[in-house]
Every structure is written in structure tokens, then in C-alpha cells.
1. Quote the Stokes-Einstein diffusion coefficient, in whole µm² s⁻¹, for the range 177-227, based on the Kirkwood radius over alpha carbon pairs, a temperature of 4 °C and a viscosity of 1.567 mPa s.
2. So what does the Cα-only Debye profile of the chain read at q = 0.07, 0.09 Å⁻¹, as log10 I(q)/I(0), no solvent term?
3. Hey, any idea what Rg/Rh is for the range 114-247, computing Rh the Kirkwood way over Cα pairs?
4. Go through ARG165, ARG199, ARG61, ARG84 and list them by solvent-accessible area, largest first, probe radius 1.4 Å.
5. As a check on your grasp of the helix formula, calculate [θ] at 222 nm for the chain: sum -39500 (n - 2.57) over DSSP H runs of n ≥ 4, divide by the residue count, round to the nearest 500.
6. When the scattering of the range 1-74 is computed by the Debye formula from its Cα atoms alone, each counted once and equally, what is log10 I(q)/I(0) at q = 0.16, 0.25 Å⁻¹?
7. Round to a whole number: what % of the accessible area of the chain belongs to carbon and sulfur, probe 1.4 Å?
8. Ordering MET1, MET121 by how much accessible area each has at a 1.4 Å probe, largest first, what is the list?
Amino acid sequence: MKTVILIPARYASTRYPGKPLAELTLPSGEKKSLIRLSWEAANRVKGVDEIHVVTDDDRIRDHAEGFGASVIMTSPEAENGTARCAEALDKGHVEADLVVNLQGDAPLTPEWFVEDLIAAMKQDPEAQVATPVLQCDALTYGHFTEDRKEGRVGGTTAVFDAKGRALYFSKEVLPYIDPGKVPEHDIPVYHHVGVYAYRPAALRAYTSWPISQLEVLEGLEQLRFLVNDTTVRCVVVEGRGRVFWELNNPEDVDRINSVLKEL
């Protein structure tokens, strides 16, 4: 099964303009951009045939080509990463049995998250879309609740059924837990990891559907699949002691730098 990783990256982020080019500090003191670290994370994934950065911005293209990445240019009209990946299939003449969307704001994504996702899609030929979820530890749950108290939109949570089929995704912390009853361990909140695997047919169908109200309200592209009765499988992955967090706001830079120093 030919597998291609696409890394969508746009400069004009509402919450964090220029985010893909934001620099993070490695333990050695070396600085690398968010998009470069995401590309390097993609290159650690086994069983991948091609990797492309997908963008509409010349600054990101020039920077990515500068560190050796293949780049596919798309139009500024792509409303989110999934739509940008769909456009890249045709503009980049990408032929694949499975397309992985590794978003360019997740440099801490361990390679086994993506490998487990690819394996799940291989084992379930009926699955059209899949995405990883990670059970929150106390630190990550604390980041979620802190962001909400401060009025920041942080990470995304996922709720799914007993068969792993997504019921809902939200930027609120779901399910709600009474602050006085949060368990020390086995917290029943799952952090949605910003990676998707699609069959090409599902990816192309996505752009034929209208934008849904839930997608607009939450700002979450994957809700369009749920609204259009397409099953999104949540694949539970293991952190293996690694703290995972995405760069959603400028405040997240320090959080990610602290994790990089511990690796």
C-alpha cells in the first residue's frame, strides 16, 4: 500500500501568524523552525513512500526547500489542512493508496503515532478516515483546563464509542469532569492528535461537501466527515512517557521547548 505523508502549512494563521516559521530551541541550543521539526518527524516514520510540504506561501516554500523538503504549492483558497491535502493530490500528481496528513504544527508527534495509524488503516479496509487519540496524563489535562480558564483555545479532545468510532471532537474539554473529582490516574479525556489518514476517495469527497455549521463553530475540519456520515476511526496510541502537545498559541512555545529539553 503506497503511503504518502503531506504536511499542510499556511502562514496566515488567525491565532498565530507565521506559525510554521516559528523557531523552537533544541537542547543543544540549535534553533529549528516548526515546519522543519514537523518534516523531520515525518521522516522518522517507517513505511512511507513520499513526504511533501503543502503550502500556498512563498516564504514557507523557500524555507522548506532550503532544508531539503519537497514542496507542493496549492491555492490560498484551501480553507484548512484537509482541503489543502485534497488539492495537493491533483496539483502534485500524487498517487497513493493512503494519504497521511501530518499537520505542520505538531513537531512532538512521535513516529509510532503515525505508524500505528497506518497499521490500523491497513487492518481495516473499510475505514475511510482515521486519526490518533492519546489518553491525557495529569500534565496534559492541566494544560487543557489552564487554557480554557485563560480563554485560550488549546488542544482538541475526542469522544468515541466502544468500537473506536468518533462521536465528536471539540476544543472544549470533553467529557466534563467535576474539578473536585478529577482522578490522579486514568483520566477519561482523550487528546486528539493532529494527524489524519485518508483513502484518496474520502479525501476528494471532503471537498465536494459544504462547510458544516459545527465545523465553523468549533474550527475543526474533521467534523465535516462526521456531519456527512463518514466514519472517523479513533486509534488509541501510547505516549510511552513522551509528553505530546501542539503549537496552537504563542504560549505553547515554552511548553514545547521544555519537552524538547527532556527528550
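1. 95
2. Evaluating at q = 0.07, 0.09 Å⁻¹ gives log10 I(q)/I(0) of -0.22, -0.37.
3. Answer for the range 114-247: 0.97.
4. My answer, sorted largest first, is ARG165, ARG61, ARG199, ARG84.
5. It lands at -9000 deg cm²/dmol.
6. Cα-only, vacuum Debye calculation for the range 1-74: -0.57, -1.17.
7. Ligands and nucleic acids excluded, carbon and sulfur give 48 percent.
8. Output order, biggest surface exposure first: MET1, MET121.
The values are calculated or read from the model by the stated rules, or taken from the named source; none is laboratory data. In this text the structure is predicted, and so the values were computed from the model without any measurement. We place every Cβ from the backbone using ideal geometry, glycine too, and count neighbours over all the protein chains shown. Heads up: the accessible areas ignore ligands, DNA and RNA and are worked out on the full protein's heavy atoms, side chains in. Shrake-Rupley method; radii C 1.70, N 1.55, O 1.52, S 1.80 Å.
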